[in-house]
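The values are calculated or read from the model by the stated rules, or taken from the named source; none is laboratory data. Please read all numbers here as calculations on a predicted model, not as lab measurements. Virtual Cβ from ideal backbone geometry, glycine too; neighbours counted across all protein chains shown.
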Amino acid sequence: MDPNTQHEDRSPAEQLRRRYREAKDPVERSHHQIAWLLAEGRTVREAAEASGYSERWVRELSRRYREHGAEGLGDRRHRNPGGAERALLTPEQGEELREALKAPPADGGLWDSRKVAEWIERRTGRRGVRAQRGWEYLRKLGHTPQVPRPSNADADPEEQEAFKKSSPSG
């Protein structure tokens, strides 16, 4: 295929395949996979088996694609009414949290859900922010859980140092 060919010149199935391959969001990726499989002539049952979704949901996605095209696919939960009102942080505060996460937390340890929830409480004045909401903001900002490596309480520090010195460096 000519690399200079515009995406619009591709068949609908090829466009959906490209969107499926390029999607970063897992829900959007699955939805484009389903639409691509259906556009290739696969049955609803085959698309459901390949994607892990129910046949009812595959039919719903097919309807959304017919009515709205590729814009009808993807995770629509963020468009639910009241979502902005349920957010704990404004977009500006979210950026402040993103910056705060670049440095260690005040206690010098590692950021975790509880510490993020406490940061939200201090920044917004809200009380009782649960650790789950801290987790949600960590994940939303692309962070993974950071847990220190466990240490053996019975380990001999001298033996550990001797092992490090005698081991080949990586």
For region 51-65, enumerate the residues that are closer than 16 Å to residue 19 by Cβ and exposed (fewer than 15 other Cβ atoms within 10 Å of the Cβ).
-> none
Quick one: in region 119-134, which of the residues that are under 16 Å from residue 100 (Cβ atoms) and among the aliphatic types (A, V, I, L, M) is modelled with the highest pLDDT?
-> 120
For residues in region 135-154 being of a type in the set (A, V, I, L, M, F, W, C) and modelled with pLDDT under 85, which is farthest from residue 102 (Cα to Cα)?
-> 153
Does residue 154 meet the test of being out of contact with any Lys or Arg (no Cβ under 9 Å at 6 or more places or on another chain), outside the structural domain of residue 25 (by TED's automatic domain parsing), surrounded by 13 or more Cβ atoms within 10 Å (Cβ to Cβ) and not aliphatic (A, V, I, L, M)?
-> no
